[in-house]
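Quick notes on the structure that follows.
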Amino acid sequence: MTPAELDKVDVLVVGAGNAACNAALSAHEAGATVAMIETAPKDARGGNSAFTGGAFRFTYSSIDDLLRLAPDIADLDLASIDFGTYTDGQYFDDMGRLTEYRCDPELTEVLIGSSFEAGLWLRQQGVRFQPALGRQAFKVGGKFKFWGGLACHIFGGGQHLVATLHDRLERVGIPVLYDTTATALLRGDTRIDGVRVRHSFRQYDLRAGAVVMACGGFESNAEMRARYLGPNWDLAKVRGTKYNTGIGHRMAIDIGAAVAGHWSGAHAVQWDMNAPPYGDLSVGDRFQKHNYPFGVLVNARGQRFLDEGLDFHSYTYAKYGHEVMRQPGLFAWQIFDAKIVHLLRDEYRIARITKEQADTLEELAPKLTGVDTAGVLETLRQYNAAPRPDVPFNPNVHDGLRTIGLPIDKTNWAQKLDTPPYHAYGVTAGVTFTFGGLKATTSAEVEDTSGMPIPGLYAAGEILGGLYFHNYGSGTGLVAGVVFGRIAGQQAALSRR
Ligand SMILES: Cc1cc2nc3c(=O)[nH]c(=O)nc-3n(C[C@H](O)[C@H](O)[C@H](O)COP(=O)(O)OP(=O)(O)OC[C@H]3O[C@@H](n4cnc5c(N)ncnc54)[C@H](O)[C@@H]3O)c2cc1C
């Protein structure tokens, strides 16, 4: 369908990723006529959501909860798996700690309170879940133990999620207009009543009773990254889509919307230094390198610059990309020995990888492109020589196996690098999504600068600001998209009555 063929609808959704699909399906369920506009062509639809690994952070208090989401778990040897629990309280603690207590308390309460239900809703749409064994729990002493509040992933990751949701859209008859870019919001007398779009160099005004903005962050826009995130961020790799360029932010600000969230903040991880400038769906999220807690990270001078073992990767990965961005040349190398190879995630075994290997550290050092050989050897000598408490290595807990007396101590999992072969991975910063967005109520209504909801305008997903500051707990983005997507769709549908 093209814009010229679209009649006025009750709810027009801008975007076709996770938040948009859930908003559209929810509005449809509430009895509204719905259409979606997607700037990308069909084969690149779905924004960042298609690139995700599918981590999904929800509350659960027992195995019974998990079985409702992922019935296949019943086929596992449950006696050898400790799923633990992830309560509202633990989720709140994590959100508070990670955002330095800046996350909007009301939005956070809605996110956490509806997180499990969001999983059940996705299951109703046909999305499958699987236990995150080996990603969020390692086998130690014959038993898996979950450590990061993340028990399940979406089976097949973002590609399964997006394909399943779009199948559902098709089955219920919600049209998606591809290659159609929203460029401005249309104001009626009393409310927002449509969107101006560009399609094949032509402009169209599409009328609607209400509009849901679910068009992602501005991570794909180098100019906006440099302007808001600061120097050199225009040089960062983009982990996902090239289509989230921040037009939605500007459209809303132009009609008086208020902003919220950490506009100079973003989710950024360690990403293969030779990855392409934007994400590649055939590789998905696997240019990431998240197992640094079990190794040593050095910069061009051969120096360590952070505590690799500060916390489980789920709680540091999204801010450590910023640390790499502060290093000379905007890169670093992760160095490991043979002791931890069994713990490495599949992203360390892909074909397109910047990897070096050697049987001695002396042989490995000169192979690390851009790194001062003498500097790194001295750093590794000091690291291996540093005193440590006599405690066992255990990747499932904060084991306290730390160095003592280094300029920056490694506070957990600080095994010596003493077992060849040694291997190293070259990384730079990969930006995932930007934290700055639009101010919205708990009903996903976008507010104006006087604090009043703008009639007919809703937001969900990355563009909804106020949840993330400084850092982010893995698996929260997709949940937030489902929770506020559903609310936005429902409220938009109800608002036209
Ligand atoms: C590699 C990678 C791995 C990730 N892994 C996870 C994970 O495991 N778990 C998790 O919770 N989160 C993960 N995330 C974060 C997650 O992707 C996002 O939080 C979430 O998918 C955002 O969903 P969204 O619907 O807001 O935006 P998107 O999915 O990005 O969708 C935005 C949509 O808007 C469209 N669009 C943009 N501008 C316009 C316009 N002007 N007009 C029309 N359409 C427009 C885009 O083309 C796109 O379809 C990951 C992200 C990346 C990049």
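The values are calculated or read from the model by the stated rules, or taken from the named source; none is laboratory data. Just so it is clear, the structure is predicted and the values come from calculations on it, not from any experiment. Cβ atoms come from the backbone with ideal geometry, glycine included; neighbour counts cover every protein chain shown. Only protein heavy atoms, including side chains, enter the accessible area calculation; ligands, DNA and RNA are left aside. Shrake-Rupley method; radii C 1.70, N 1.55, O 1.52, S 1.80 Å.
The table for this structure:
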item: Where a residue in the stretch 101-121 is over 13 Å from Tyr468 (Cα atoms) and its partner, wherever it lies, is part of a helix (DSSP H, G or I), with Cβ under 6 Å and at least six apart; result: Ile112/Asp88; Ile112/Tyr91; Ser114/Val483; Ser115/Val479; Ala118/Val479; Ala118/Val482; Ala118/Val483; Gly119/Leu69
item: Residue ranges of strands (runs of 3 or more DSSP E) in the stretch 52-166 with at least 3 members more than 27 Å from Phe435 (Cα to Cα); result: 137-140, 143-146
item: Residue in the stretch 285-298 that is under 28 Å from Glu462 (Cα atoms), surrounded by fewer than 21 Cβ atoms within 10 Å (Cβ to Cβ) and away from the ligand (no atom under 14 Å from the Cβ) present; result: no
item: Top-ranked residue in the stretch 416-446 [being assigned to a strand (DSSP E or B) and of a type in the set (Gly, Ala, Ser); ranked as farthest from the ligand (Cβ to nearest atom)]; result: Ala424
item: Verdict on Leu494 being away from the ligand (no atom under 16 Å from the Cβ) and out of contact with any Ser or Thr (no Cβ under 7 Å at 6 or more places or on another chain); result: yes
item: Residues satisfying the stated conditions in the stretch 358-375, i.e. part of a helix (DSSP H, G or I), among the charged types (D, E, K, R) and in contact with a strand residue (DSSP E or B) (Cβ under 9 Å, 6 or more places away or on another chain); result: Glu363, Lys367
item: Looking only at the stretch 485-497, and only at residues there that are surrounded by 24 or more Cβ atoms within 10 Å (Cβ to Cβ) and in contact with a Gly (Cβ under 7 Å, 6 or more places away or on another chain), the one that is farthest from Gly158 (Cα to Cα); result: Ala493
item: Complete set of residues in the stretch 201-221 that are without any contact (Cβ under 8 Å) to a residue 24 or more places away in the chain and in a loop (DSSP other than H, G, I, E, B); result: Phe201
item: Matching entry among Ala184, Ala210 (being closer than 22 Å to Glu447 by Cβ, more than 21 Å from the chain's Cα centre (by Cα) and within 15 Å of the ligand (Cβ to nearest atom)); result: Ala184
item: Qualifying residue in the stretch 5-28 (condition: charged (D, E, K, R), farther than 22 Å from Gln490 by Cα and either more than 9 Å from the ligand (Cβ to nearest atom) or surrounded by fewer than 24 Cβ atoms within 10 Å (Cβ to Cβ) (or both)); result: yes
item: Condition check for Ser443: open to solvent by 50 Å² or more (accessible area, probe 1.4 Å), of a type in the set (Gly, Ala, Ser) and within 30 Å of Ala488 (Cα to Cα); result: no
item: Number of the exception - Gly473 against (1) in contact with a strand residue (DSSP E or B) (Cβ under 8 Å, 6 or more places away or on another chain); (2) at negative phi; result: (1)
item: Residues satisfying the stated conditions in the stretch 299-324, i.e. open to solvent by less than 10 Å² (accessible area, probe 1.4 Å) and of a type in the set (Asp, Glu); result: Glu308
